[in-house]
C-alpha cells in the first residue's frame, strides 16, 4: 500500500517531505562524511607526526566518498519512487 504523493506546492507538506527525505540513507551518508574526515585527519597525522602509508589514507577517503555517493543515490531513487506513488 502506497502513501499519497506529497503536494510540493504546499509549504507545510514540502517541509514535512524534506524531513522525510533527510531520514533516507542517513547512516551511509554520515558514515561517508566520517570516513572522509578521518582520511583527512590521517593525511595531517602523516604530514606532522608519524608516517602512514598513503594507500591507507587514500582508501579511507575513497570509501568515504563512495558511501556518500551511495547514500545520495539511494535518496534520489527513493524520491523518484515516492513521486511516482510506488512507496
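What fraction of the Cα pairs in the stretch 40-87, stated in percent, has a spacing above 12 angstrom?
Working: 775 of 1128 pairs.
Of all Cα-Cα distances in the stretch 40-87, 69 percent exceed 12 Å.
Once the piece of chain linking residue 84 and residue 40 is laid out straight, how much longer is it, given 0.36 nm per residue of separation minus the C-alpha distance between them?
Values: separation 44, 0.36 × 44 = 15.84 nm, distance 3.97 nm.
Taking residue 84 through residue 40 to full extension adds about 11.9 nm, to one decimal.
Give me the angle, in degrees from 0 to 90, between the Cα long axis of helix 11-23 and the longest principal axis of the Cα atoms of the chain, rounded to the nearest 10.
Long axis of 11-23 versus the principal axis of the chain: about 40 degrees.
Would you calculate a helix-derived [θ] at 222 nm for the chain, using -39,500 (n - 2.57) for each DSSP H run of n ≥ 4 and dividing by the full residue count, to the nearest 500? Don't jump to the answer; show the numbers that get you there.
On the way: 3 runs with 67 residues, N = 87.
Helix contribution divided over all residues of the chain: -27000 deg cm²/dmol.
Listed highest first by mean packing, meaning other Cβ atoms within 10 Å per residue, what order do 5-15, 57-67 come in? Kindly include the intermediate steps, with their values, before the conclusion.
On the way: 5-15: 11.1, 57-67: 16.7.
Going from most to least packed, we get 57-67, 5-15.
Using only the alpha carbons of the chain, determine the length spanned along each of the three principal axes and report them from longest to shortest in whole angstroms.
Here the spans come out as 56, 22, 16 Å, largest first.
Every read-out reported here was derived from the displayed coordinates using simple, explicitly stated rules and does not represent laboratory data. Model, not experiment: these values are computed from the prediction. Glycine also receives a Cβ, built like all others from the backbone with ideal geometry; neighbour counts cover every protein chain displayed.
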